[in-house]
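Student: Provided herewith is a single structure, encoded as structure tokens, for subsequent inquiry.
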Amino acid sequence: MKILVINCGSSSLKYQLFNMEDNSVLAKGLVERIGLESGMLKHTPQGKETVKIEENIPDHKVAVKLMLDALINKDYGVIDDLCEISAVGHRVVHGAEKFSGSVIINSDVMEVLNECIEIAPLHNPPNIIGIEAVREMLPDIPMVGVFDTAFHQTMPKYAYMYGLPYKMYEKYAIRRYGFHGTSHCFVAGEAAKILGKPLVNLKIITLHLGNGSSITAIKNGKSIDNSMGFTPLEGVVMGTRCGSIDPAIVPFIMEKEGLSPDEVNDYLNKECGVYGISGVSSDFRDLEEAADNGNERAKLALDMFAYQCKKYIGSYAAAMNGLDAIVFTGGIGENSNTVRKMICSEMDYLGISIDENKNNTTVRGKQGDISSDDAKVKTLVVPTNEELMIALDTMSLVKNA
Ligand code: ADP
């Protein structure tokens, strides 16, 4: 069985084609700059050089066609015919309260996804456009939606409600949803395997740290809290997102800077975070380099990030009444020994202590235990694999259908 996994953003489309016999990736790629001046497809067949094709990509339908053509190309394709693709799995950011697991996409599901646009105006429209484009190009192939919010549907009500009048929840579904669920679920499962204990017996905090960062408390295998909220803007300070701030700051900035609701939303999502603090970059590699070279604001941005992560670990250990392991994943969590060290320093009260040598010598893309020998709480690095999770969910739903 071969399954195509698609993650569609507003101007990009990422894909991976899996061979489910051994969960291997036959090809992966990225279509960039959809709808902008000059688009680009980067396609990497397994074990071969990346092929780059530059051309005008006016919309997602053209992007999907480009991807499918690459997959069956005589020189760099990996299948002979599109009918070899058994199913397509789509990452969908926001499933609201409607989806607590992955679903086969049919017209009823599309209707609900469209309803979800109201609370996820930035995130769901590109996902829906991607689904529609694939449906048009591959009308007979089953498709599955896998939601970033689904894993967090186990949060207790007292954790997901905000201190707003109850009718805001009833009228507009305003509550915490939590995001990156596929990643948190995957790395928690892998962590349990490393620890050699059933996930249902463990208390784990997973830190998915990337351009967007979120932290989850997972008690007995279930998400009980996540740092992101109604949207992926809440939580720790991120690449360009502000994270949690006093809500009174929002109308204050709007008035002072003359911003509309849409403009302030854009501002908080795209101009803030470590980028806005440092004035250097949203990329943690650049921040670390600048801080090493004495840039005070880059150092401040890193300090803020690490401090806020620490506070979530402390509060989630309290919420779970204990902690067996913390797990680092995402571009920063997997790669930055500096950030991991900053977060884990002076955490011995909680039982967290890392071995400097192990932290510095983790192999990129590999799982690792970086705890010091006497640490009560294990600190693990686990590369995430959201695409494989989506492929596995897609396969099991399609097989059972
Ligand atoms: P996304 O949230 O878009 O999926 P990723 O999880 O791929 O992003 O994380 C991307 C981020 O990871 C980059 O912005 C960069 O800050 C960070 N990153 C990647 N490699 C390193 C590294 N070696 N050191 C520090 N940060 C890194």
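The numbers here are math on the coordinates, done by the rules we state, and not lab data. Please read all numbers here as calculations on a predicted model, not as lab measurements. Positions of Cβ are backbone-derived with ideal geometry, glycine not excepted, and every protein chain shown enters the neighbour counts.
Student: Relative to the first principal axis of the alpha-carbon coordinates of the chain, what is the inclination of helix 181-195, with its axis defined by its Cα atoms, in degrees from 0 to 90 and to the nearest 10?
Tutor: Relative to the chain, helix 181-195 is tipped by roughly 70 degrees.
Student: By the gyration tensor of its Cα atoms, with a ≥ b ≥ c the square roots of the eigenvalues, what is the shape of the chain: rounded for a/c under 1.5, prolate for a/b over b/c, or oblate?
Tutor: Values: a/c = 1.41, a/b = 1.27, b/c = 1.11.
Rounded shape, in that the Cα axes give a/c under 1.5.
Student: Cα to Cα, under 17 Å, and not fewer than 8 places away if on the same chain: which aspartates and glutamates meet these conditions relative to K74?
Tutor: E49, E84
Student: Could you compute the FRET efficiency for I194 and Q46, with r as their C-beta to C-beta distance and R0 at 25 Å, rounded to 0.05? Before the final figure, lay out the partial values.
Tutor: Values: r = 27 Å, r/R0 = 1.06.
That pair, I194 with Q46, gives E of 0.40.
Student: Something else now. Would you work out if segment 253-401 is rounded, prolate or oblate? Take a ≥ b ≥ c from the square roots of the eigenvalues of the alpha-carbon gyration tensor; rounded if a/c is under 1.5, else prolate when a/b is larger than b/c, oblate otherwise. The partial results should precede the final answer.
Tutor: Numbers: a/c = 1.74, a/b = 1.18, b/c = 1.48.
It is oblate, given that a/c is not under 1.5 and a/b is not larger than b/c.
Student: In addition: Could you check the simple spin-label distance between E356 and E84, using points 7 Å along Cα→Cβ, in nm with one decimal?
Tutor: Going by the 7 Å Cα→Cβ label model, 5.1 nm.
Student: Could you give the length gained by full extension between A248 and E54, i.e. 0.36 nm per residue of separation minus their alpha carbon distance, to one decimal place? Mind showing how you got there, number by number?
Tutor: Working: separation 194, 0.36 × 194 = 69.84 nm, distance 4.54 nm.
Net length gain for the segment: 65.3 nm.
Student: I would also like to ask the following. What is the local net charge at S282, summed over the other residues whose Cβ is closer than 12 Å to its Cβ (Lys, Arg +1; Asp, Glu -1)?
Tutor: Working: positive: R241, K270, R285; negative: E271, D283, D286.
Result for the neighbourhood of S282: 0.
Student: Angle between the Cα long axis of helix 124-137 and the longest principal axis of the chain, 0 to 90 degrees, nearest 10?
Tutor: Approximately 20 degrees, to the nearest 10.
Student: Then there's this: Which of the GluC sites (Glu not before Pro) found in segment 299-401 are loop residues per DSSP with 13 or fewer other Cβ atoms within 10 Å of their Cβ? Provide the component values of the computation, followed by the final result.
Tutor: Values: sites: E334, E346, E356, E386, E387; in loops: E346.
Qualifying residues, ordered by number: E346.
Student: Now a separate question. Can you tell me, using C-alpha contacts under 8 Å and at least 6 residues apart, the relative contact order of segment 56-164 as a whole percent? Please list the in-between numbers first.
Tutor: Details: 122 pairs, mean separation 40.5, N = 109.
Once normalised by length, the contact order is 37 percent.
Student: Moving to a separate point now. If you wrap segment 338-401's Cα atoms in a convex hull and average its projection over all directions, what's the area in nm²? Write out the running numbers ahead of the final one.
Tutor: Details: hull surface 23.8 nm².
Result: a mean projected hull area of 5.9 nm².
Student: So, one more: Only helical DSSP H runs with n ≥ 4 go in: add -39500 (n - 2.57) per run for the chain, normalise by residue count and round the 222 nm mean residue ellipticity to 500 deg cm²/dmol.
Tutor: Numbers: 15 runs with 155 residues, N = 401.
-11500 deg cm²/dmol, from helical runs alone.
Student: Next question, about the same structure. What's the longest piece of the chain with no exposed trypsin sites (Lys or Arg not before Pro), counting a site as exposed if DSSP puts it in a loop and it has at most 11 other beta carbons within 10 Å?
Tutor: Working: sites that count: K74, R364, K366.
By the stated rule (loop sites, at most 11 other Cβ atoms within 10 Å), 75-363.
Student: Sticking with this one: Report, in degrees rounded to the nearest 10, the 0 to 90 angle that the Cα long axis of helix 261-270 makes with the longest principal axis of the chain.
Tutor: Relative to the chain, helix 261-270 is tipped by roughly 80 degrees.
Student: Is there a pair in K197/K341; K193/K399; K193/K310; K270/K310; K203/K378 whose C-alpha atoms are over 19 Å apart, and which pairs would that be? Walk me through the numbers on the way to the answer.
Tutor: Working: K197/K341 26 Å; K193/K399 26 Å; K193/K310 25 Å; K270/K310 24 Å; K203/K378 11 Å.
Among K197/K341; K193/K399; K193/K310; K270/K310; K203/K378, the Cα-Cα distance tops 19 Å for K197/K341; K193/K399; K193/K310; K270/K310.
Student: I've got another one for you. How much length, in nm to one decimal, is gained on full extension between N220 and E271, taken as 0.36 nm per residue of separation minus their Cα-Cα distance? Intermediate results must be reported in sequence, preceding the final value.
Tutor: Values: separation 51, 0.36 × 51 = 18.36 nm, distance 3.77 nm.
So the extension gain works out to 14.6 nm.
Student: Let me have the relative contact order for the chain, percent, based on Cα pairs under 8 Å that are six or more residues apart. Display every interim value, and only then the final one.
Tutor: On the way: 815 pairs, mean separation 53.7, N = 401.
Taking the mean separation of contacting Cα pairs over the length of the chain, I get 13 percent.
Student: Can you compute the charge dipole magnitude of segment 1-154 about its Cα centre, using +1 on each Lys and Arg Cβ and -1 on each Asp and Glu Cβ, nothing else charged? Give it in debye, rounded to the nearest 20.
Tutor: On the way: 13 positive and 22 negative charges, 74 e Å.
Rounded to the nearest 20 debye, it is 360 debye.
Student: Return C185, C8 ranked ascending by Cβ neighbour count within 10 Å, so the fewest neighbours appear first.
Tutor: Details: C185 23, C8 28.
Sorted ascending by nearby Cβ count, the order is C185, C8.
Student: For every other residue with a beta carbon closer than 12 angstrom to the beta carbon of T394, add +1 if it is Lys or Arg and -1 if Asp or Glu, then tell me the sum.
Tutor: Once positives and negatives cancel, what remains is +1.
Student: Quick one: check the C-alpha center-to-center distance for segment 113-163 versus segment 230-258, whole angstrom.
Tutor: 23
Student: Give me the net charge for the shell around S353: Cβ to Cβ below 14 angstrom, other residues only, Lys and Arg +1, Asp and Glu -1. Don't skip to the answer; put the middle values down first.
Tutor: Working: positive: K310, R340, K341, K358, K376, K378; negative: E346, D348, D355, E356, D369, D373, D374.
After counting each charged neighbour, the total is -1.
Student: I would also like to ask the following. Under the 0.36 nm per residue contour assumption, what length would be gained going from the current alpha-carbon distance of N293 and M1 to full extension?
Tutor: Working: separation 292, 0.36 × 292 = 105.12 nm, distance 5.09 nm.
My answer for the length gained is 100.0 nm.
Student: Report the label-to-label distance for E111 and K399 in nanometres (one decimal), using points 7 Å from each Cα along the Cα→Cβ vector.
Tutor: Each label point is offset 7 Å from its Cα along the Cβ direction, giving 3.1 nm.
Student: Rounded to the nearest 20 Debye, what is the dipole magnitude of segment 205-351 about its Cα centre when Lys and Arg each give +1 and Asp and Glu each give -1 at the C-beta?
Tutor: On the way: 12 positive and 20 negative charges, 97 e Å.
Its charge dipole is roughly 460 debye.
Student: May I ask for the distance between the Cα centers of segment 326-401 and segment 1-34, given as a whole number of Å?
Tutor: If you average the Cα positions of each part, the centres end up 24 Å apart.
Student: Name every cysteine in the chain that ends up alone, with no second cysteine's Cβ under 4.7 Å, or say none.
Tutor: C8, C83, C116, C185, C309, C344
Student: Can you give the charge dipole size of the chain about its Cα centre, rounded to the nearest 20 debye, using +1 on the beta carbon of Lys and Arg and -1 on the beta carbon of Asp and Glu? Intermediate values should be presented prior to the final figure.
Tutor: Numbers: 39 positive and 52 negative charges, 214 e Å.
Magnitude of the dipole: close to 1020 debye.
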